[in-house]
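Worksheet: one structure, shown below.
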DNA sequence: GGCATACTGTAACATTGGTTACATATTCTA
DNA sequence: TAGAATATGTAACCAATGTTACAGTATGCC
């Protein structure tokens, strides 16, 4: 584990901290689609992403979803951080977007290291700030963009985290992530295709103007 | 200042920290509508709210606004915290919702106290977490509610932070906060009035079913 | 009092997005 | 390979929201 750790977090953390992480952390590999954390789950450990990408979702009272953002290598889940703040249950769902490697740290360590390592403190504050920025971006997208613009942004974001301009997804999947219906997505995808921005196939979409 | 400070933050901070705040902080009283911070502003000090309420707004690329949430006594502006994280400019606008009293702390102190006072560290982390929760609530509201529900929620929230079931506001003001048009608000307000939930007057609205 | 300004009410219409319904096409599986 | 399951295309319609236009009303100011 120490190799992956140094490669991804070596520039952030001092050696003593890297060693502690190596001792108490557990290395984990999960496949695409793996449910890392669900709404209402009790949080016992916080993840450090080593490779891959994770999508963060919110749910409405009917059980329908909404994609908030993706987190990538070098990130952690700031929502987890709040468990040490009296908040015990997760307010979001985290699903592996690609095959993902992560290091799980027991939550007790988080606050212990806050006092002990300045670099950890900075990392946590930076994470909070990054997640806050991403929530603001999510708000901008939902509040200020029309569905066709949201859709195109979604496709580009997804191509980005997958490092591939062909994304494997059904219209229904997209509809879930954008909290709308499949018919609406099919309609808008078709018009994006007619505008020459994408190429539609069964189970995949190629982004042309990345 | 020490009196207001102890009254509002005495249960959170140890005496040594309260004294430091008293020494370096500046006390400030601002009227309703006062622009405390604008988008793009460089952040030089962070506010601790002593009394009153502040509304936090986001802006789209056409200059139209969207209300994110209110912060009240005992809160700070988590967006400010991020200035120490490399982020120099404010991403939001903060406007006094009521006459407001606050203590301004120079930003350098924030990180200094992070290492020095455990209670400060907890306060900062708690603030981040609270603001994150409020952003999630804002997302729920925007993404999952229809405009009439959003409007009613807005009126109730506003009555809450003003401690008054009569709120002084024009339809145009509401339209700005909810990022929609005055005509839409007038229409929905009228139907809320017909449903017996509110009473409309010029420049004010009385909430009946709080 | 009289004029200007700000606020509210409402009609008519346009656009976006959501719903229902059904046809067709592809893939999977027994 | 037949039939089931899944995915996509599209029409027709509806509901919610946005836009334009204008009338009426209250308020402030000279």
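Just check segment B:129-200 against the gyration tensor rule for me: Cα atoms, a ≥ b ≥ c as the square roots of the eigenvalues, rounded for a/c under 1.5, and otherwise prolate or oblate depending on whether a/b exceeds b/c.
The shape class here is prolate.
Between residue B:191 and residue B:156, what is the label-to-label distance in nm when each label sits 7 Å out along the Cα-to-Cβ direction?
1.8 nm
What is the order of B:198, A:124, A:39, fewest Cβ neighbours within 10 Å to most?
Lowest to highest Cβ neighbour count: A:39, B:198, A:124.
Note the distances from residue B:60 to each other copy's matching label point, with points 7 Å along the Cα-to-beta-carbon direction, in nm, sorted shortest first.
1.9
Place a label point 7 angstrom from the Cα of residue B:170 along the Cα-to-Cβ direction, then list the residues of segment B:57-81 whose backbone nitrogen is under 19 Å away.
Answer for segment B:57-81: B:64-67.
How far is residue B:4 from itself in the other copies, in nm, if each label sits 7 Å out from Cα along the Cα-Cβ line, shortest first?
Distances between equivalent label points, in nm: 5.2.
Where a ≥ b ≥ c are the square roots of the eigenvalues of the C-alpha gyration tensor, would you call chain B rounded, which needs a/c under 1.5, or, failing that, prolate if a/b is larger than b/c, or oblate?
Since a/c reaches 1.5 and a/b is larger than b/c, the shape of chain B is classed as prolate.
Roughly how large, in nm² to one decimal, is the mean projection of the convex hull of the alpha-carbon atoms in segment A:1-124?
7.3 nm²
Determine the distance separating the Cα centre of segment A:151-175 from the Cα centre of segment A:40-112; give it in Å without decimals.
That distance is 21 Å.
Can you pull the one-decimal nm distance between simple spin-label points at residue B:3 and residue B:145, each 7 Å off the Cα toward Cβ?
The modelled label-to-label distance comes out at 3.8 nm.
Just want the ordering: B:18, A:145, from fewest to most Cβ atoms lying within 10 Å of their own Cβ.
Ascending number of Cβ neighbours within 10 Å: A:145, B:18.
GNM, chain A, Cα, under 10 Å: largest mean-square fluctuation among A:150, A:93, A:73?
Taking springs between Cα atoms under 10 Å, the residue moving most is A:150.
Nearest 0.05, what FRET efficiency do residue B:22 and residue B:133 give at R0 = 30 Å with Cβ-Cβ as r?
The value I calculate is 0.50.
Once the label point is placed 7 Å from Cα along Cβ, list for residue A:195 the distances to the corresponding points in the other copies, in nm, shortest first.
3.4
Taking the Cα atoms of the protein assembly as shown, what is the range of coordinates along each of the three principal axes, in descending order and whole Å?
57, 55, 35
What's the Cα-based Rg to Rh of segment A:168-210, Rh via Kirkwood?
Ratio of gyration radius to Kirkwood radius for segment A:168-210: 0.95.
Each value in this text was obtained by applying a stated rule to the coordinates, not by laboratory testing. Computed from a predicted structure; not experimentally measured. Neighbour counts are summed over all protein chains in view; Cβ atoms, including those assigned to glycine, are modelled from backbone coordinates with ideal geometry.
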